[in-house]
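Everything on this sheet refers to the single structure shown next.
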Number of protein chains: 2
Amino acid sequence: MEKNILFAQSGGPTQVINASCYGIIKEARKYDMKIYAARYGVEGILNENIIEITDIDDGSLEILRFSPSAAFGSCRHKLKEDEFEKVLDLFLKYNIGYFLYIGGNDSMDTANRFSEYVAKNGYDIKVIGIPKTIDNDLLNTHFCPGYGSAAKYIATSVREMDFDANVYEKNIITIVEVMGRDSGFLAAASALARDELVESPHLIYLPEIPFDEEEFLQEVSDVYQERGKVLIAASEGLKDEQGNYIFLREKKADKFGNIQMGGVGKYLESIVKENIADRVKTIEFSVLQRCAAHILSKTDNDVAAMVGSAGVRYALEGCNDVMVSIMKNNDSFSTSTTPLKDVALEVKTFPREWIDEKNRWVTKEAIDYITPLIQGEVKPIFKDGLPKYLRFI
Amino acid sequence: MEKNILFAQSGGPTQVINASCYGIIKEARKYDMKIYAARYGVEGILNENIIEITDIDDGSLEILRFSPSAAFGSCRHKLKEDEFEKVLDLFLKYNIGYFLYIGGNDSMDTANRFSEYVAKNGYDIKVIGIPKTIDNDLLNTHFCPGYGSAAKYIATSVREMDFDANVYEKNIITIVEVMGRDSGFLAAASALARDELVESPHLIYLPEIPFDEEEFLQEVSDVYQERGKVLIAASEGLKDEQGNYIFLREKKADKFGNIQMGGVGKYLESIVKENIADRVKTIEFSVLQRCAAHILSKTDNDVAAMVGSAGVRYALEGCNDVMVSIMKNNDSFSTSTTPLKDVALEVKTFPREWIDEKNRWVTKEAIDYITPLIQGEVKPIFKDGLPKYLRFI
């Protein structure tokens, strides 16, 4: 009897993580095997919260492909050594020969350690990692599916906000807080908003560059004096020289005696209001940047599906303990593999050489890297004026 | 010589205010007249910041139609009596016979008073108001262009956030702050997010219903106990029994000693954290709900263009001192006129009979009213993966 395949989703959701499931299902269906999905990542494996998805109808499969968030649920559970036996038991019970784990660097670590455990115990289960993260911080892959769509959302929204900010003659400072705790790829994507008409963002603050409050105020003040309108894109993960997150700083009371709370955006708002101008607007994209599937990148979605399908093929070809990685060849993308242990727990930061000398803008190389990832639009299925999405939890 | 036409945009921008300019230009071009636009609303008239737009090329006109925000700029300037003479002088200089003012109830008041001034001084200038506001709070019109697209953005985003909130098994309370200082139409639009899968929003707080903190905490707690996940849509304009905005309330320190600042959302977050649960996320749609042209409603855009064109025709037919109003006839929309003084400064609130008896949901009548306004999608022109927009300021 052919062995069966199981996949699970892990970590923060993206606009295209379900496209990888679509790719897995499409490919695995070509073979005589059952396709299982664990609900809520490895937690579903530990709790035997497993569904069989082999016979999903084509219509649902298409909707799944363009649905945001993890349609089978996710978790942030890092599998401990003493849980491996339980996982293995379930795999044997369902006759699982291939396990595909869609996630980021923590998930790749879990997959790597489990794979080693399986081998040590003499079983033959192929474990493959499928890359996914809007942060784009996995090593050994050209990019991570999820990043392209988040980048498209961020650049589109910043451009639209530039139009809003320019409506009145009055001056205004807008602060946009973008995700990315350790890596500046998302904040850098805001740079794409600029075109012949759009000057926003004027300043980009990346977590790779230590944050200096005095410098920040001087830079904002300079643009404000010159242009009257300033749009600042700030990564949630800004840290000072000592590596302390600035959003954890003791907050200052504003002139009304109120003390700000919140993330980087609100913190920057408080110091800008205190030192530069009163008219400040802060917008946190929050979860919108990872769930706005109505503006996903077709390229990102296509590649997410591709890595899912490739994962199945690699597993059937006998690959094990590897992550599917993405390569760029001129205008197209292809896949390869990289050992899980080389990417597990590692963080790729935004390249220093892609940050301009003044530290507040990105180079042409960076723009040329991000631009292909946001290409193409897909309209989800709309019903009664709203996008129709699917989930299995 | 045929007299010329001048239009101006006023108040807060919308996703479709430029579609009304498109309608005006398309219609006025059929006649032998010059088409002028004032920059930054009446401020542009006072400063002679006027551009002629008669010969705009068709390609730009199409992009204009789908561009967000006021492409000719806006203002919140309420014309004073002693400024009318200056306005009239400019109108005479440019031989303006028709003035179309696109705006909300303040703008309709300005237009009304100016129209009366013109008549009193024996001049023949037709003054027409073109309705526009995402708040949907103008009287004597089935709806206000701008509302349909903001409603579509809000319902789409709430639905997508529901998918995000359900990814983990962990409980979470999400608070969404929606615009609408005096009128609950925007908050009510969140109700459309619900479908067979989506339970969000669980509770809607409208400015028409006095806010009671104890009641609020009880309601949130009830849903939280029952479902574990709660999504609350709250209007920025929530007021207590005495009519005081609750976002102006003295803020309470959280358990870390920090004091919240911000709008309604952050205030509600602070009391929920203090009384119900720690895992709370607040999202303010802020300007995104009025500038996200990439998800505008085709119906809304079509009607915005229609009221612009109709305004030109009404003016040429001799109508004066009226606002173009929208009527709904079965599945289509048509226009009529209503005296400016009947709509000036008046606010339409969300109908009491459309709020369910428990005050936290809207009736089927409300859903049936909003649904037709969000129908249809238009993809803007995309270039390099991002929407391409236009402005003339």
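A short reminder: the numbers here are calculations on the coordinates, not readings from a lab. These numbers were taken from a predicted model, which means no experiment stands behind them. Cβ coordinates were reconstructed from backbone atoms using ideal geometry, including for glycine residues, and neighbour counts include every protein chain displayed.
Cross-link partners of A:Lys379 among lysines, defined as those whose alpha carbon lies under 18 angstrom from its own and excluding same-chain residues fewer than eight positions apart: A:Lys152, A:Lys298, A:Lys388, B:Lys152, B:Lys298, B:Lys379, B:Lys383, B:Lys388. Residues B:Ser183, B:Ser221, B:Ser286, A:Ser107, arranged from fewest to most other Cβ atoms within 10 angstrom of their Cβ, appear as B:Ser221, B:Ser286, B:Ser183, A:Ser107.
When both bridge partners sit in chain A, DSSP labels roughly 35% of those beta bridges antiparallel.
With its label point defined 7 Å out from Cα along the Cα-to-Cβ axis, B:Gly228 lies at 5.4 nm from the matching points of the other copies, in increasing order. The tail of the calculated P(r) for chain A, taken as Cα-Cα distances beyond 30 Å, holds 42 percent of the pairs. Find the Cα radius of gyration of the range A:1-107, compare it with 2.2 N^0.38 Å by division, and give the number to two decimals. Expressed relative to 2.2 N^0.38 Å, the Cα Rg reads 1.02.
The range A:76-133 and the range B:1-73 have Cα centres lying 62 Å from one another.
Our note on the geometry: Cα centres of the range B:206-233 and the range B:366-392, 32 Å apart.
Within chain B, which whole H helices from DSSP have a Cα span along their axis of at least 15 Å and a mean Kyte-Doolittle hydropathy of -1.0 or more, if any? Membrane-span-like by this rule: B:17-28, B:147-165, B:264-275, B:298-316.
Ranked from largest, the principal axis spans of the Cα set of the range A:105-194 equal 72, 17, 16 Å. Shape summary: the range B:150-291 maps onto an equivalent ellipsoid whose semi-axes, from the alpha-carbon gyration tensor, are 21, 19, 14 Å in decreasing order.
By the count of neighbouring beta-carbon atoms within 10 Å, fewest first, A:Tyr224, A:Tyr205 end up ordered A:Tyr224, A:Tyr205. What stretch of chain B, leaving out the sites themselves, is the longest with no GluC sites (Glu not before Pro) in a DSSP loop having at most 12 other Cβ atoms within 10 Å? Segment B:3-195 is the longest.
Relative contact order, whole percent, for chain A stands at 24, derived from Cα pairs under 8 Å and 6 or more residues apart. Computed from the Cα positions only, the extents of the protein assembly as shown along the three principal axes stand at 99, 60, 54 Å, in decreasing order. Please list, or write none, the lysines whose alpha carbon is within less than 18 Å of the alpha carbon of B:Lys348, excluding same-chain residues fewer than 8 places away. Those lysines meeting the cut-off are B:Lys132, B:Lys239, B:Lys328. Dipole of the range B:150-291, Cα-centred, from +1 at each Lys and Arg C-beta and -1 at each Asp and Glu C-beta, to the nearest 20 debye? Roughly 520 debye for the range B:150-291. Ordering A:His294, A:His202 from the fewest to the most neighbouring beta carbons within 10 Å gives A:His202, A:His294. Which stretch or stretches of the range A:73-107 have amide N atoms under 11 Å from the point lying 7 Å from A:Leu345's Cα along the Cα→Cβ direction? Once the point is set 7 Å along Cα→Cβ of A:Leu345, A:106 turn out to lie under 11 Å by backbone N, inside the range A:73-107. Dividing the summed helix terms, -39500 (n - 2.57) for each DSSP H run of n ≥ 4, by the number of residues in chain B produces a 222 nm estimate of -10500 deg cm²/dmol to the nearest 500.
Under 13 Å of direct C-alpha separation, and excluding same-chain neighbours fewer than eight residues apart, A:Lys30 reaches these aspartates and glutamates: A:Glu2, A:Asp55. Provide, for q = 0.14, 0.18 Å⁻¹, the log10 of I(q)/I(0) from a solvent-free Debye sum over equal Cα point scatterers in the range A:237-393. The Cα Debye sum returns log10 ratios of -1.10, -1.28. Can you work out the FRET efficiency for the pair B:Asp356 and B:Gln218, with r the C-beta to C-beta distance and R0 = 22 Å, to the nearest 0.05? It comes to 0.85.
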